[in-house]
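Data first, discussion second: the structure below is written as structure tokens.
The values are calculated or read from the model by the stated rules, or taken from the named source; none is laboratory data. If you're wondering where the values come from, they're calculated on a predicted model, not measured in any experiment. Glycine gets a Cβ as well: all are built from the backbone with ideal geometry, and neighbour counts include every protein chain shown.
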There are 2 protein chains.
Amino acid sequence: MKIIIAGAGAMGSRFGLMLHRADNEVILVDGWQEHIDAINKNGLKANFNGEEVVERIPIYNQNEVSTIDFSADLVILFTKAMQLDNMLQSISSLLHEETKVLCLLNGIGHEDIIKNYVPYNNILLGNTMWTSDMEGPGKVKLFGDGSIDLQNLGAGQENVANEVVEVLNQAGLNANYSSNILSSIYKKACVNGAVNGLCTLLGCNIADFGKTTYADAIVEQIVDEFIAIADAQEISLNKDEVLAQIKSSFNPETIGLHYPSMHQDLIVNNRLTEIDYINGVIVRKGKQYQISTPYCTFLTELIHTKEEILGAK
Amino acid sequence: MKIIIAGAGAMGSRFGLMLHRADNEVILVDGWQEHIDAINKNGLKANFNGEEVVERIPIYNQNEVSTIDFSADLVILFTKAMQLDNMLQSISSLLHEETKVLCLLNGIGHEDIIKNYVPYNNILLGNTMWTSDMEGPGKVKLFGDGSIDLQNLGAGQENVANEVVEVLNQAGLNANYSSNILSSIYKKACVNGAVNGLCTLLGCNIADFGKTTYADAIVEQIVDEFIAIADAQEISLNKDEVLAQIKSSFNPETIGLHYPSMHQDLIVNNRLTEIDYINGVIVRKGKQYQISTPYCTFLTELIHTKEEILGAK
């Protein structure tokens, strides 16, 4: 199968490497020139479960990719959320009307952008539990097992989803067809949306936030807003399950001592956050469905304000 | 007149000193033992518009004041907001049914506490423009001019207010009867409520907050909540005036480069804030009047959460 990995960071490199080793025709597309140069020169290097491997995979800067001759059967999207639209523009000339697009980005609402470039029936959404570490330009570390759930967005397109499941499984990516992928994606976003922005704003780890007096009240208000927006789209989101998962994240013996990635992005690395693709989507959909979402709105505004004050880029 | 200054910090010391020099029988009540000891030993020292003066005024720790023989005609309240209830308990045995109580605390809603100790018709609310600096235990610096507006809370009690205006004016405190003191107090609290908590949370000065993209939207939402609560109590609060005053505070050439006192309290000095007496009052009154106040609620929760994370006391 002819596959574009659009966004060849840590996770994109894992998927590209495993799919290429399974004899698919893979190209990587990215915007980080140093990484592109390293892979062009030395191949994609990986510590793959302890074994040092080198995979020769073509890689292109997204600024130049439109000129190449490659007609994709499948695109796997792995960009940062704010780079998605730009990436889709860059690769649009390589898409045809049968090209399937699998979105594996963090956050929610990406289909609203993807559908501007791809027929609705060709869009697949997924949730992956694989991990990957970027060790430097052209070099990743791939350890442990993972899985991926995915589903077609268009009604009756299960065959499209199953075709992609099969390709991923041939590459050992442990894919499963999901009958409610939007629920899984909303659940993950809701857990992030109730914790990440707050820890970023308050400058604390998840456990420190979790043990404060108002944590439960704030979290419940945010979760209620996610559920109202999910309901309006007939996406089922179970409040008790979400709250239980958030509560378990407060535990210092699980992930409580971690600072969320948004804190790393903004406070540690002075980078713009993905808040618009977590709480910000709830705000946007709230306007669309005329549902009040004051906590997500205020939190999104506060994170953007903090970005501006810190001069994040 | 027999006057208790309840809370003899910088401002209480100014009022106590000026009223004592005008031949009133004044006692100071405070909780800071070092300050009390210094005044008992050396008198209240002040640099009073350039002149070094010493005023011998009795001062008591609020823990011991209940045992003294002093029947107050007037109490002027100058505590921190969170110390008010405790102070009123401490001095309650010195109050009689004619004692007038003038509240000059920052913030709003203090009458809800005062009325538990004092007949409604004896309560006066005021707003003062005087300033004062505490230079150390027993020593203040008093420069410049000021004024004070005040009004009776009980209907038809203008005579009570005017009596106090006269006593204050005899001491040079430049007092005026106000026909709408609650409007002035709400206006001041609204300006503070739209800026102080946010700068504290975001760790920035007023100008830095003011120039961010979402500042206007956030400020307007908070101001709308103050106005809704003021309306419910028939307190007039002019939106354009409030917004204009907030906007002028963003100017780096006026007070824009200052960090609000709440930022000093919490971030610099690790002290609990007065948020419950600014935005928190809007939350409390919102519940009472069944008016939704999500921005004030979330902001109050966030400031308390930050207090807990920093272990503020």
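Does B:Asp30 satisfy the condition of being within 22 Å of B:Asn86 (Cα to Cα) and of a type in the set (D, E, K, R)?
yes
Could we say that A:Leu77 is crowded, with 22+ Cβ neighbours inside 10 Å and either in the same structural domain as A:Asn174 (by TED's automatic domain parsing) or in contact with a strand residue (DSSP E or B) (Cβ under 9 Å, 6 or more places away or on another chain) (or both) here?
Criteria met by A:Leu77.
Can you list residue pairs whose Cβ atoms sit under 6 Å apart, with the first residue in region B:296-309 being within 8 Å of another protein chain (Cβ to nearest Cβ) and the second being among the charged types (D, E, K, R)? Count only pairs 6 or more apart in sequence or on different chains.
That search, which allows pairs on different chains as well, returns B:Ile309/A:Asp208.
Report, by residue number, each residue of region A:262-295 that is farther than 20 Å from B:Pro294 by Cβ and either within 12 Å of chain B (Cβ to nearest Cβ) or of a type in the set (A, V, I, L, M) (or both).
Correct list: A:Met262, A:Leu266, A:Ile267, A:Val268, A:Leu272.
Looking only at helices (runs of 4 or more DSSP H) that lie completely in region A:144-261, which have at least 2 residues being at pLDDT 95 or above and within 14 Å of another protein chain (Cβ to nearest Cβ)?
Where helices (runs of 4 or more DSSP H) fall fully within region A:144-261 and carry at least 2 residues being at pLDDT 95 or above and within 14 Å of another protein chain (Cβ to nearest Cβ), they are A:196-202, A:206-210, A:215-232.
When you go through (1) closer than 22 Å to A:Phe298 by Cβ; (2) free of Cβ contacts under 8 Å to residues at least 12 places away in the same chain one by one for B:Lys285, which number turns out not to apply?
Looking at each condition in turn, B:Lys285 falls short on (2).
Scan region B:47-69 and report the pairs whose first residue is among the aromatic types (Phe, Trp, Tyr) and whose second residue is buried (at least 17 other Cβ atoms within 10 Å of the Cβ), with Cβ atoms within less than 6 Å and a gap of 6+ or a chain change.
Qualifying pairs under 6 Å: B:Phe48/B:Leu142; B:Tyr60/B:Val29.
Output the residues belonging to region A:230-271 that are of a type in the set (Ser, Thr, Tyr) and more than 22 Å from A:Glu220 (Cβ to Cβ).
A:Tyr259, A:Ser261
Looking at region A:263-313 only, could you name the residues that are assigned to a loop (DSSP other than H, G, I, E, B) and at negative phi?
A:Asn269, A:Arg271, A:Leu272, A:Thr273, A:Glu274, A:Ile278, A:Ile291, A:Ser292, A:Thr293, A:Ala312, A:Lys313 - these are the residues of region A:263-313 that are assigned to a loop (DSSP other than H, G, I, E, B) and at negative phi.
Let me spell it out: the conditions are (1) at positive phi; (2) in contact with a Cys (Cβ under 9 Å, 6 or more places away or on another chain), and B:Gly43 meets all of them except one. Which number is the exception?
(2)
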